Amino acid sequence: MLTAFTLVEEGDYFYFGDGAGVAVGGQLRVKSLAPLSATMTSAIEADTSIMNAPLSIATHNWSSFSSIDAGNIEKANVSIENLLAAYSYTETGPSYAFIEKKGVELAVSVAAVPEPEAYALMLAGLGMIGMAARRRMNRM
């Protein structure tokens, strides 16, 4: 059973000038196929502050995070909608903007399923308890 989906993305950016900037956004979308249900969504938002550096092309790292608790589903379609925006507009001086994604990690959590050996061990233990109880009843 699939129980949760966690998305982490990261990259770098730079921008300078009063009319320049960058932004990160989008959605993590999970559609359960078994059982069939509505699409679950979670916003992708930057979890690091995005800062302006006057007249510098040194890059800064950014990262984003999104998570969906899916309950217990058997099959799912997962889609990632990304919005990376870099904009530059000014009439008063130079400005420039750049943003890039360098990594995506999608973790899928699954519920633990007992192994057949665990069931066999449990049944053997119950059988031994039953035998001990029966011997005790025969002694009385």
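The values are calculated or read from the model by the stated rules, or taken from the named source; none is laboratory data. Source: prediction; values computed, not measured. Please note: Cβ atoms are built from the backbone with ideal geometry, for glycine as well, and neighbour counts cover all protein chains shown.
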From Glu117, Glu105, grab the single residue that is among the charged types (D, E, K, R), over 30 Å from Asp18 (Cα atoms) and part of a helix (DSSP H, G or I). Glu117
I'd like to verify a number: residues in segment 98-140 that are in contact with a Gly (Cβ under 6 Å, 6 or more places away or on another chain) and farther than 21 Å from Ser67 by Cβ, how many? 1
Does Ile50 fit the bill of being closer than 17 Å to Thr6 by Cα, surrounded by 13 or more Cβ atoms within 10 Å (Cβ to Cβ) and of a type in the set (A, V, I, L, M, F, W, C)? no
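Per-residue answers, yes or no, for (1) modelled with pLDDT under 85; (2) among the small types (Gly, Ala, Ser); (3) surrounded by 12 or more Cβ atoms within 10 Å (Cβ to Cβ):
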{"site": "Val24", "(1), (2), (3)": "no, no, yes"}
{"site": "Val30", "(1), (2), (3)": "no, no, yes"}
{"site": "Met40", "(1), (2), (3)": "no, no, yes"}
{"site": "Ala46", "(1), (2), (3)": "no, yes, yes"}
{"site": "Ile57", "(1), (2), (3)": "yes, no, no"}
{"site": "His60", "(1), (2), (3)": "no, no, yes"}
{"site": "Ser66", "(1), (2), (3)": "no, yes, yes"}
Can you tell me which residue is surrounded by the fewest Cβ atoms within 10 Å (Cβ to Cβ) among those in segment 93-140 that are basic (Lys, Arg) and modelled with pLDDT under 85? Arg139
Give segment 55-108 a look and list any residue that's closer than 21 Å to Met1 by Cβ and of a type in the set (D, E, K, R), or say none. Asp69, Glu74, Lys75
